[in-house]
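A.B. asks: Here's a structure for you.
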Amino acid sequence: MISFEQWKDGFCLVVDGKQILHHSSSSPAIFFASPKKGVGKETDSTSTDGQGSGAFHIEARNLKWNPLKVSSIEIEHGERASTLKFKDVEAGAGLRLEYLPSLLKMSFVYPAPELLSRQTTDTETKSSRREAKKLAKTRISEVVGFRILLDASANERLFGLDGNGAQKEGRLNLKKTQFSVTSRAVADSRVFADSGSWLDARFSGKLNWRFEVRKTVFEVLWQDRTQLPELAIGLNPAQGISAELGLDPAQGLNPAQEISAELGLDPAPLEGLVALSRYAAAALGEGARKAGPILVQSGSSGSARNEFLQIDELLRRMLSLSFSGEGQIAVVANTIRASWTAFSGFFILETGESLDISADDVALESFLQGCDDRQVRRAAMIFVRLQPYHLFCRSRWQEAHVPEIAHPGVYYPGMQGLWKRSDEFLYGPDILVAPFKEDKGKALYGPRELILPSDGWVHLWTSRVYPEGQTFVDTQAGRPAVFYRQNSEFARLFDTIRQMSTRL
């Protein structure tokens with residue numbers, strides 16, 4: 001439900017009890033960008049029909065950001081949709097707010113001539129004409145960008161951005177960072193919070209994010225007025241988004257809640273991630289999301305520069321993609337490096353001769369022909385033997401939008417210290433992997449420190465049960481820190497793989 005708390009010098013927007021933004025003269029939250037005086041804009045004259053696209057571009061340094069005057073805002077409030085009308089913007093403009101269960105959609109409306117329509121009559125007074133002329137002089141013209149400052153909790157952690165963002169800083173949390181992306185076509189950018197709330201921005205042009213301690217700044221410079229930005233805000237774990245978006249309710253409106261209940265967990269983050277994935281799938285089209293993103297590791301021994309990603313950066317990108325609502329993640333390489341191949345048996349691995357989750361013993365034998373690397377052979381054989389579990393994880397993604405790979409904090413949000421980790425992941429709900437550390441491309445073996453969530457976890461290689469919390473486990477070549485959930489329905493399969501691995 002949308003509600004406005006209005007006062008003399010501003011207003012506060014609240015949805016489902018959560019404060020989204022507050023705007024006042026002393027602390028504005030809504031801004032428009034317009035060209036500085038004397039600055040022109042470059043128009044795109046190229047198109048397939050020779051008519052030109054109408055897109056334009058202005059350098060950021062030539063823009064002026066204008067805070068929206070409180071006196072110029074007129075609020076039209078409805079039960080499911082509201083509009084903020086901006087009376088001092090050229091040709092009229094507005095921000096349309098549409099409420100769905102646990103979801104707020106913000107759509108920038110421009111131009112909207114009817115918002116400023118004035119019917120001139122014979123009885124119109126000279127005073128009203130003067131007011132109209134004065135308004136025209138103060139009106140912001142040629143709007144080319146929009147900035148909004150959303151309220152944020154100082155304690156929340158933000159992740160995502162489709163595999164980009166803060167990864168090179170050695171962490172996942174996006175707080176106190178900036179991120180920019182430019183797209184000529186309509187694109188989207190997604191951010192996830194540890195509370196289960198999320199943001200999904202659809203834009204064309206240049207998008208800037210800034211994640212401050214108490215504010216999240218969303219800024220778009222558009223190239224074409226026909227492709228104006230939209231921002232969806234997932235407020236709480238979704239209860240009915242599937243029906244609102246026209247998704248098949250037979251898939252289960254809230255599979256994450258069932259999974260969380262089975263594990264005895266707080267469902268909020270997992271439900272929120274499922275809701276984000278479903279919303280993105282509906283926006284992009286189901287067919288566009290079946291294959292999922294691919295992380296490429298390329299390079300050759302003869303190249304001047306080693307293009308391989310370090311394990312820690314690769315893992316942060318994987319988790320960042322998962323936080324962006326992407327559920328199926330593959331790693332592609334034209335060569336195999338033992339340090340990361342050793343844990344690839346526990347998620348999708350594709351090489352020049354790839355194994356997929358439907359691979360049988362014949363495909364495995366073909367893959368292993370000529371391979372004399374023991375670690376690669378072990379990883380490939382584990383991957384194929386895990387087929388029932390692969391299919392289980394894949395079906396949850398395709399049918400219910402539960403990501404195959406996730407940060408452990410999504411399943412165990414209350415676990416002390418777990419959200420701060422960026423060096424371990426869950427494959428499905430039952431396998432936890434903490435990959436090898438690396439130093440200049442060389443795997444570091446020996447004791448590996450990690451945090452185990454609040455469940456009984458069995459060390460795959462020794463069958464020893466470990467308690468929750470911080471622990472250390474020995475790692476060897478081809479045997480990274482891998483655990484499976486003691487009460488998993490696949491526990492017998494995992495133990496069979498343990499027995500098989502001792503003979504490899």
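A short reminder: the numbers here are calculations on the coordinates, not readings from a lab. Everything numeric in this text was worked out from a predicted model, so none of it was measured. FYI the Cβ positions are ideal-geometry reconstructions off the backbone, even for glycines, and counts take in every protein chain you see.
A.B. asks: Between Thr177 and Ile357, what length in nm is gained on full extension when 0.36 nm per residue of separation is reduced by their alpha carbon distance?
C.D. replies: Working it through step by step, the gained length comes to 61.1 nm.
A.B. asks: To the nearest 0.05, how large is the calculated FRET efficiency for Met500 and Ser395 if R₀ is 30 Å and r is the Cβ-Cβ distance?
C.D. replies: 0.80
A.B. asks: Ordered by packing density, taken as the mean number of other Cβ atoms within 10 Å over each peptide's residues, highest first, how do 185-192, 358-365 rank?
C.D. replies: For the peptides 185-192, 358-365, the packing ranking is 185-192, 358-365.
A.B. asks: Quick check: residue separation of Val213 and Trp65 times 0.36 nm, minus the Cα distance between them. What number comes out in nm?
C.D. replies: This chain segment gains 51.1 nm when fully extended.
A.B. asks: What nm value, rounded to one decimal, do you get for the distance between Asp372 and Arg184 when each label is placed 7 Å out toward the C-beta?
C.D. replies: If labels sit at Asp372 and Arg184, their model points lie 5.1 nm apart.
A.B. asks: Sort the following peptides by mean Cβ neighbour count (other Cβ atoms within 10 Å, averaged over residues), highest first: 270-277, 26-33, 380-387, 196-203.
C.D. replies: Going from most to least packed, we get 270-277, 196-203, 380-387, 26-33.
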